[in-house]
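Here, each number is a calculation from the coordinates, and none is a lab measurement. Bear in mind the structure is a predicted one, so any value in this text is a computation, not a measurement. Positions of Cβ are generated from backbone atoms using ideal geometry, with glycine treated the same way; all protein chains shown enter the neighbour counts.
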Amino acid sequence: MKALLQRVSGARVEVDGEIVGSIDQGLLVLVGVEPQDTQASADKLLHKLLNYRVFSDAEGKMNLSVGAVGGGLLLVSQFTLAADTSSGLRPSFSSAAPPEQGEVLFDYLLQQARLKHPQVASGRFGANMQVHLVNDGPVTFLLQV
């Protein structure tokens, strides 16, 4: 699994003009699923997301996790993260998981996140989404598990 983690002061996802998920301070995470990914991959990614220290402490150092600052977690499926961009001028999506597998693993990740973190929102799998965010920093990391 790949995840593009962004520290935000606020973010929301809209589908057809309707807000389907939003958070204030926290992490916006774009999630890409690859064919070899499993529930164990999702568990490992979630552990990393909830414990990754990207928020500033009193000294201004990145020492605090999303839970430590009481932040939200906004998960958004994004199969384009799994694209093969190694050659040519057009991405290939053959390295992305099939939609059925991607949806099952994304839903699993979302369910587990809701069990382990009090503020979890999401986009809508497979929908044409508009993602609005205020990137805080900016602070952005690509995580791969």
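Structure values in brief
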read-out	value
Flag for ALA3 being not in a strand (DSSP E or B) and not polar (S, T, N, Q)	no
Residue satisfying condition, being over 14 Å from the mean Cα position of the chain (by Cα) and closer than 17 Å to LEU143 by Cα, within set SER77, SER41, SER9, SER65	SER65
Total residues in region 8-24, condition under 16 Å from VAL120 (Cβ atoms) and touching a residue at least 24 places away in the same chain (Cβ under 8 Å)	10
Residue under evaluation GLU34, criteria (1) closer than 19 Å to ALA127 by Cα; (2) outside any loop (DSSP other than H, G, I, E, B), criterion not met	(2)
Members of region 37-59 that are assigned to a helix (DSSP H, G or I) and either touching a Ser or Thr at 6+ places or on another chain (Cβ under 6 Å) or surrounded by fewer than 18 Cβ atoms within 10 Å (Cβ to Cβ) (or both)	GLN39, ALA40, ASP43, LYS44, HIS47, LYS48, LEU50, ASN51
When residues of region 19-36 are limited to those that are of a type outside the set (Gly, Ala, Ser) and surrounded by fewer than 22 Cβ atoms within 10 Å (Cβ to Cβ), the one nearest to ALA3 (Cα to Cα)	LEU30
Number of positions in region 63-78 that are more than 18 Å from ALA121 (Cα to Cα) and surrounded by 14 or more Cβ atoms within 10 Å (Cβ to Cβ)	1
